[in-house]
Amino acid sequence: MLQKPRGTRDFLPDEMEARRSVEWCFREVARRWGYREVCTPEFEDLDLFTMRSGEGIIEEMYVFLDKGGRKLALRPEITASVIRMYVNEAKVAKKPLRWYYFADCFRYERPQKGRYRQFWQFGVELIGADTALADAEMVILAADMLNATGVMYDLRVGHLSFMKQLLQDLEPNIQRRVMSYLDKKDFKGLTVTLEAMKKPDLYQSLTALIDCRELAEAFDISGLVPEKERIEQTIGILDATDVKYTLNFGIARGLDYYTGMVFEGFAPNLGAENQILGGGAYRLAHLFGGDDVASCGFAIGFDRVMVSLGDVKQSKDTVVAIVCTNEGQKRALAIARAFRDAGIRAEMNLMERGLGTQLAHASKSADYAVVIGQREAESGNVTIKNLQTGEQKTVELAAAIAEVRAHGPRG
RNA sequence: GCCAGGGUGGGGUAGUUGGUUAUCCUAGGGGACUGUGGAUCCCCCGACCCGGGUUCGAAUCUCGGCCCUGGCCCCA
């Protein structure tokens, strides 16, 4: 028996319906905010991803040579592709650009709960708006999207300026190491490094900063942050909305191209892989030969949202089973078409079964049965049976369609 | 890359001091019934993850691999 590749999944219809319904929540919110869908290639030049994230990511990607000897990679994320596309195709487009995507990505990692080798991201990029309101729009939109699905989450909003301010006297590679220690909560490593740098006093400030949940306090800890006004504006806008968030200045993300505001979302009911959203303000286009356009965006880990939501009750489609005898078959086809034209899901019996057996099967899977035998074929009426109540009547086709429309699916 | 626990029909399972034809439930298909059903009865379908080893004989013991679940690491 051939198995599916490690870390991939099959989705049966029930699960696909659940996934699509959540997907459409995201799409609909994006649409209402003016974001329009874009699509980029499933694979790209390997360079695109190493330019963004460094050579280290190669071993966590699906990398291959094509028949022309090109080094390609299945995309491990989509922001780089979107910005590449912006540089290639849309540099002169009116700003701001509001784009979204929903697509699968691939990472060669060890699978575990909420982590797969093929996974889906729903992401948003806002390109060319460098304002507090733009930053705030990302956070509010992200919250709107998650709210639309009903998933439980905690939202954390931070800003890199505070950390950068405290670390400004350190060399960039030391900065990175310190931020990495903070991210991992490795306070021993942090102490050792700071003492080696003869900056032991920074320990107090840094740990205070990552525990800090108040903006004013953060300014006290870090001193005069150059973007103070912008940060205050952004937070002020968020506070004027009903977005629930906590401030967290320990969000480091370890990414050089994030420039200012950063935010993350976590699902409390997930295990180790509980981050369902990440985003912030960044500058990336210059890496790909474009202008240094300010951008802001986030990506939602679609599969983790699905895991967090668990089994969602799907609104069921009303199903009409078309049951017929041989004499009624041609008429039944026309009846089925009439129901379908009316927007109702109608399924013909395809098995060579007797009426009784057809109805027995229909009663397990359908809400109504429409019986077309010789009598119906000759009279032009249809016999419609409510499979939940057992009530049955012979009426005109239009009345049967109206009957199905009037009642929903069984509960 | 590391650790733990797993892998028996489509789903859920019984079965290991090695021993006939591998158990049961469920799902699925067919039949009885043939213009009214979910019942019942009968029949069918269908599995020991893969490979090597030990053995007269392996689902069972052993080694390796693959995969699953969870955790570590990592996380763009």
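The values are calculated or read from the model by the stated rules, or taken from the named source; none is laboratory data. Predicted model, so just to flag it, every value in this text is computed and none were measured. Using ideal geometry, Cβ is built from the backbone for each residue, glycine included, and neighbour counts are taken over all protein chains shown. SASA here: full protein model, heavy atoms, side chains in, ligands and nucleic acids out. Shrake-Rupley method; radii C 1.70, N 1.55, O 1.52, S 1.80 Å.
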The stretch A:1-131, dipole about Cα centre (Lys/Arg Cβ +1, Asp/Glu Cβ -1), debye to the nearest 20: 180
query: Could you name the aspartates and glutamates in cross-link range of residue A:95, using Cα to Cα under 14 Å and dropping any fewer than eight places away on the same chain?
result: A:125, A:130, A:291, A:292
statement: Phi-derived 3J(HN,Hα) across the stretch A:341-356 with the Karplus relation (6.51, -1.76, 1.60, θ = phi - 60°), rounded Hz, x for Gly and Pro, is 4, 7, x, 9, 6, 10, 10, 6, 6, 10, 8, 8, 10, x, 4, x
message: Modelling each spin label as a point 7 Å along the Cα-to-Cβ direction, I'd like the residue A:95/residue A:232 distance in nm, to one decimal.
response: 2.5
- prompt: What is the dipole size for chain A, taken about its Cα centre, with +1 at each Lys and Arg Cβ and -1 at each Asp and Glu Cβ, in debye to the nearest 20?
  reply: 1060
- prompt: Amide H to amide H under 5 Å from residue A:276: which residues, 5+ apart in sequence or cross-chain, H placed 1.01 Å off N in plane?
  reply: A:265, A:266, A:267
- prompt: Considering chain A as a Gaussian network with a 10 Å cut-off on Cα pairs, which listed residue, A:388, A:165, A:275, attains the greatest mean-square fluctuation?
  reply: A:388
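For chain A, what mean projected area does the convex hull of the alpha carbons give, in nm²? Mind dumping the intermediate values first?
Working: hull surface 109.6 nm².
Mean projected area for chain A: 27.4 nm², to one decimal.
With a 1.4 Å probe and every protein chain kept in, tell me what percent of the accessible surface of the stretch A:1-129 is carbon plus sulfur.
Values: 3840 of 7490 Å².
Answer for the stretch A:1-129 is 51 percent, counting heavy atoms of protein chains only.
Full extension from residue A:269 to residue A:187: what is 0.36 nm times the residue separation minus their Cα-Cα distance, to one decimal in nm? Before the final figure, lay out each step's value.
On the way: separation 82, 0.36 × 82 = 29.52 nm, distance 2.69 nm.
Length difference between fully extended and current span is 26.8 nm.
Do the alpha carbons of any pairs in A:4/A:316; A:4/A:113; A:71/A:184; A:67/A:113; A:113/A:164; A:330/A:385 sit beyond 25 Å of each other, and which pairs?
Numbers: A:4/A:316 30 Å; A:4/A:113 17 Å; A:71/A:184 33 Å; A:67/A:113 36 Å; A:113/A:164 34 Å; A:330/A:385 20 Å.
In this structure, A:4/A:316; A:71/A:184; A:67/A:113; A:113/A:164 lie more than 25 Å apart at Cα.
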message: Quick query: amide H of residue A:212 versus all other amide H atoms, modeled in the peptide plane; which residues come in under 5 Å with a sequence gap of 5 or more or a different chain?
response: A:249
- request: With an 8 Å cut-off on Cα pairs and a minimum separation of 6 or more residues, tell me the relative contact order of the stretch A:1-111 in percent.
  value: 33
query: From the backbone phi of the stretch A:377-388, what are the Karplus-calculated ³J(HN,Hα) couplings (6.51 cos²θ - 1.76 cosθ + 1.60, θ = phi - 60°) in whole Hz, Gly and Pro given as x?
result: 4, 7, 7, x, 8, 10, 9, 10, 10, 7, 6, 8
field: Ranked by how many other beta carbons lie within 10 Å on average, peptides A:320-327, A:278-285 from highest
entry: A:278-285, A:320-327
query: What is the Cα centroid distance between the stretch A:1-18 and the stretch A:350-371, reported in whole angstrom?
result: 29
statement: Taking the alpha-carbon centre of each part, the distance from the stretch A:19-97 to the stretch A:279-318 in Å is 11
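Quickly rank A:37-48, A:297-308, A:59-70, A:97-108 as a protection proxy: mean count of other C-beta atoms within 10 Å, highest first. Don't jump to the answer; show the numbers that get you there.
On the way: A:37-48: 15.9, A:297-308: 23.1, A:59-70: 11.3, A:97-108: 19.4.
Ranked by mean Cβ neighbours within 10 Å, highest first: A:297-308, A:97-108, A:37-48, A:59-70.
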query: Does anyone have the angle between helix A:228-239 and the longest principal axis of chain A? Alpha-carbon axes, 0 to 90°, nearest 10?
result: 30
statement: Relative contact order of chain A (C-alpha contacts under 8 Å, at least 6 apart) in percent is 15
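For a Förster distance of 60 Å, can you work out the FRET efficiency between the beta-carbons of residue A:32 and residue A:389, rounded to the nearest 0.05? Present the calculation step by step, with values, prior to reporting the outcome.
On the way: r = 40 Å, r/R0 = 0.67.
Result of the calculation: an efficiency of 0.90.
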task: Go ahead and collect, in residue order, the members of the stretch A:145-170 whose backbone nitrogen is under 18 Å from a label point 7 Å along the Cα-Cβ direction of residue A:246.
output: A:152-159
query: Label residue A:330 and residue A:317 with points 7 Å out from Cα along Cα→Cβ: what is the distance between them in nm?
result: 2.9
task: Only loop residues by DSSP count here, and only those with at most 13 other Cβ atoms within 10 Å; note down the trypsin sites (Lys or Arg not before Pro) in the stretch A:171-258 that meet that.
output: A:185, A:198, A:213, A:244
Counting DSSP beta bridges with both ends in the stretch A:319-406, the antiparallel % (nearest 5): 45
- prompt: Under the Karplus relation 6.51 cos²θ - 1.76 cosθ + 1.60, θ = phi - 60°, what is the ordered set of whole-Hz ³J(HN,Hα) values for the stretch A:47-56, x standing for Gly and Pro?
  reply: 4, 4, 7, 6, 5, 7, 10, x, 5, x
